[in-house]
Amino acid sequence: MNLPLGYRFAALHAGIRKNLELDLALMVSDPEAAAAGAFTRNVVKAAPVVLCERHLKQSKGRCRAIIVNAGNANCATPTMAKVARATASATAKAVGVPVNRVLVSSTGVIGEPLDEKLIIEVLPTLCGQLSQQHFPEAARAIMTTDTVPKTAWSVVEMPEGEVRIAGMAKGAGMIQPKMATMLSYIFTDAVIPADELRKMLKTVLGRTFNRISVDSDTSTNDTVLLLANGASGVAVTKANRERFESALGNVAESLAVAIARDGEGARKLLTIDVEGAVSERAAETIARAIANSPLVKTAIAGADPNWGRFLSSAGASGVEFEPSKVDIHVNGFLVCRCGCRADFDEPEVQKTMEADEIHLRFHIRGGGSGCARFWTCDMTEDYIRINAEYRT
C-alpha cells in the first residue's frame, strides 16, 4: 500500500468495547490539511457529527487530527455533547494543535453513555504509537459488525509528480447513506484548497457512498471526511483535476462497494444499473427503490429470478415510466421484455444467481439519457439474528 505522505495512524483497545478488540483510532496529518466533510441527514445527530460540522466551519476547512471510537455511538444521551467536546479537547492537547483542528467520530450502540475517561486516559499511549504503518490497525479499530476492514488506495501520476490517495471505511448495517452507521476517511497528499475539496467530495459522494444500501436505514453518525495535506508538493490544477477526481472516485467506489458487499448477514452483492430514465436523478430513485425492497433482497438471497419483484419495486419508486417499455436482464439473461416475462431458461438463470455477485440491468426503452448504478446486498436470516442480538 503506497500511503499518502505526512499522515500517521494509531489504534488500541481503550475498553469501550466489551471484548478486547481495537476500539480507538487516531489519525494525524503532520502538515495541516485542508478538510471537507459530509454527514448524516438524519434529524437525530450524534454529538460528534455536530462537533465536526462546527469545527470545520470554525477552522474554515482545516484539520490536524481525527479521533474515532467504536463500540458506542455517543448519541442520544444527556452527556453526549460534553463527551465529544472533552474528547476533542484532550486530543488537541495530546497532539499539540488547536481544538477546532480536531474532528471526532463515534460508532456503535445509540443511547448508551460513553465514558470519555476511557479515551482521555489512553491518549498518551495512542500518540506514542503514531506511525504511517499503523493504517491497517486504524481501519480495524473503527469496525463494529463489519466482518473485514475496508481500505482502498491509488497513486496518481501527474506531470508535476506523484500524488497518493488512501481511504478506510466501516459499515455493515444501518446503511443507506444519505450520508449510514457509515464512517469513511480518505487522505491525499495533493495540494487542494478546502473549497475545491468540498466540491470534489460532493461530486464523488453522489455516485459512490450515496448509492449503496444494506437495509435502508440512515444512521445518526454517518461521516465522510476528505483530507488533503499537500505533503507531495503537487497541486491539483484545472489541467489535471479530471485525472485526480477519477482516482478519488475509484477509491471511494471501492470503499462503498465493500460496505454493500459486507452487509450484515449478506452473502451476495447486487449491482443495479438503471438505463433510459428521464434523468440521472430518476434513474437513481428507481435503482434505490429496487435495492431497498425486502422482496428483491430475499429473492437475491434465494437465487430466484423473480423479475416481477424488480419491476414492481421500480413502479413504486414514484418515478413515472411506461412499464411496457421495460426490459430486465439478470446476469446477462433477458428475463423481462417490454414489461412481460421473456422466454428464458429459469434453472439456468437460477444457477448464475447462486454466485456471490449478481448484476441487474433495468432498461427503459425510448431514448431517455438518465442512468445510474447502485449497489446493495441480499438479506438473509443472519441479518435478523445479528440485529436481534446487537445489544445482548
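The values are calculated or read from the model by the stated rules, or taken from the named source; none is laboratory data. On a predicted model such as this, the values are computed, not experimentally measured, just so you know. Ideal geometry is used to build each Cβ from the backbone, glycine not excepted, and the neighbour counts take in all protein chains shown. Areas reflect the complete protein model, heavy atoms only, side chains present, ligands, DNA and RNA absent. Shrake-Rupley method; radii C 1.70, N 1.55, O 1.52, S 1.80 Å.
Assorted remarks:
- Among the residues making up the stretch 265-281, those that are open to solvent by 10 Å² or more (accessible area, probe 1.4 Å) and either at negative phi or modelled with pLDDT of 95 or more (or both) are 266, 267, 268, 271, 273, 275, 276, 278, 279, 280, 281.
- Subset tally (residues that are of a type in the set (Ser, Thr, Tyr), modelled with pLDDT of 90 or more and open to solvent by less than 10 Å² (accessible area, probe 1.4 Å)) for the stretch 208-236: 2
- For residue 57: the one exception among (1) under 19 Å from residue 194 (Cβ atoms); (2) open to solvent by less than 60 Å² (accessible area, probe 1.4 Å): (2)
- Failed criterion for residue 321 (all others in (1) modelled with pLDDT of 95 or more; (2) under 30 Å from residue 204 (Cα atoms); (3) in contact with an Asp or Glu (Cβ under 9 Å, 6 or more places away or on another chain) hold): (3)
- All conditions in (1) outside any strand (DSSP E or B); (2) out of contact with any Cys (no Cβ under 8 Å at 6 or more places or on another chain); (3) open to solvent by 10 Å² or more (accessible area, probe 1.4 Å); (4) not acidic (Asp, Glu) hold for residue 38, with the sole exception of (1).
- Residues located in the stretch 289-315, provided they are surrounded by fewer than 16 Cβ atoms within 10 Å (Cβ to Cβ), over 16 Å from residue 336 (Cβ atoms) and more than 24 Å from the chain's Cα centre (by Cα): 302
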